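Written out below as structure tokens is the structure these notes cover.
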Amino acid sequence: MTSFDSKALNRRVWLVKLPKSLAEKWNTLPQNNVELGTLRFGDTKMDGSQDISLTLSNIPQHEGIPKEFSFENGSRKDINMHVLRLDDQGNPIGIQGVIDREIVLKPSRTQDVASILKRETLEAMKPKRKIVEVDVVKDKVGFVKPIAYTQDYLNKQLQEGKRDRLPKEHVLNQLFKAFEKHPYWALKDLVRTTNQPVTYIKELLNEICVINSRGPYKNLYQLRQDFTQRTSMDID
């Protein structure tokens, strides 16, 4: 029986919490010996902690997520935990160290985070494919032309002044582009810009915007901070 190795009993290690998207990417790595990124140690902050940042390496698993992260102190204090080393069967065979500090890894670039959040929101709103059972007619073969919202169709809608509801994903893209040009919008102007029904636009704005209740932009819509100034992501 292998003896328990306690040589590293007093070695100090950090407990680092990763953003959910980054943790999912790292869990899909095909092998162990992969360069994940570069750590940079900067000046000491006012609270005594050191300015540390992480730049992810350029590998396929890092596509679609922020590349720059900062280390921030977590809320947990006096963590009385040890990190154990396990064998192939999952049995503890030694101590790797004692957890000295909780660190939260947060994206540094606001623009990257906002664009990724927008893309994830649009992706989540896409209708899921469904399998529909139909009756089979023998000795007949044909093709059904799918309904598609092509650019010609959209242009025709605009020319005829119609305000049929277009796909949610398409209209959300229009709204995001509008707020990239101007941060504040009146409802009537967004209705005119998207050429969509008022009730439909209000429904979508309630999902992604807030209304200013005071100040010079009173009663105007602006994107929620989730989409414009988000500096952190969901933590596992």
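General remarks:
- Of all residue pairs spaced 6 or more apart or on separate chains, those with beta-carbon atoms under 8 Å, a first member in segment 205-218 that is assigned by TED's automatic domain parsing to the domain that holds THR193 and surrounded by 12 or more Cβ atoms within 10 Å (Cβ to Cβ) and a second member that is part of a loop (DSSP other than H, G, I, E, B) and at pLDDT below 90 are ILE208/ARG224; CYS209/ARG224; VAL210/ARG224.
Rundown of residues vs (1) assigned by TED's automatic domain parsing to the domain that holds GLU102; (2) in contact (Cβ under 8 Å) with a residue 12 or more places away in the chain; (3) hydrophobic (A, V, I, L, M, F, W, C), yes/no style:
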site	(1), (2), (3)
PRO19	yes, yes, no
ALA23	yes, yes, yes
VAL34	yes, yes, yes
THR44	yes, no, no
SER49	yes, yes, no
ILE52	yes, yes, yes
SER57	yes, yes, no
GLU63	yes, no, no
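- Any hit, segment 37-57, residues being on the phi > 0 side of the Ramachandran plot, at pLDDT below 90 and either surrounded by 13 or more Cβ atoms within 10 Å (Cβ to Cβ) or under 19 Å from the mean Cα position of the chain (by Cα) (or both): no
The values are calculated or read from the model by the stated rules, or taken from the named source; none is laboratory data. Because the structure is a prediction, the values reported are computed rather than measured. Glycine gets a Cβ as well: all are built from the backbone with ideal geometry, and neighbour counts include every protein chain shown.
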